[in-house]
């Protein structure tokens, strides 16, 4: 008897979780973002210094936040 009640409880919990997930998915607003709204040039304050093989002298570059 206890095994049947555990199986029934597990099935009910699964159905409730699926129902909550489906309702949450369809009832929430989606966030639309277009590429023109993205800000890709926010400086982080960090710099990278490297020596490119084709130039032969060190270059220091700013590192930006890419979202």
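Every number in this text was worked out from the coordinates using simple rules, so none of it is lab data. Please read these numbers as outputs of a predicted model, since none were measured by experiment. Because the Cβ atoms are built from the backbone with ideal geometry, glycine has one as well, and the counts that use them run over all protein chains shown.
The calculated FRET efficiency for residue 64 paired with residue 21, based on their beta-carbon distance and R0 = 35 Å, is about 0.45. For segment 2-65, the Cα gyration tensor yields ellipsoid semi-axes of 55, 20, 9 Å (square root of five times each eigenvalue, largest first, whole Å). List the relative contact order of segment 2-65 as a percent without decimals, with contacts defined as Cα pairs under 8 Å and 6+ residues apart. Worked out over segment 2-65, it gives 24 percent. Here the peptides 48-58, 16-26 are ranked by packing, the mean other Cβ count within 10 Å, and the order with the highest first is 16-26, 48-58.
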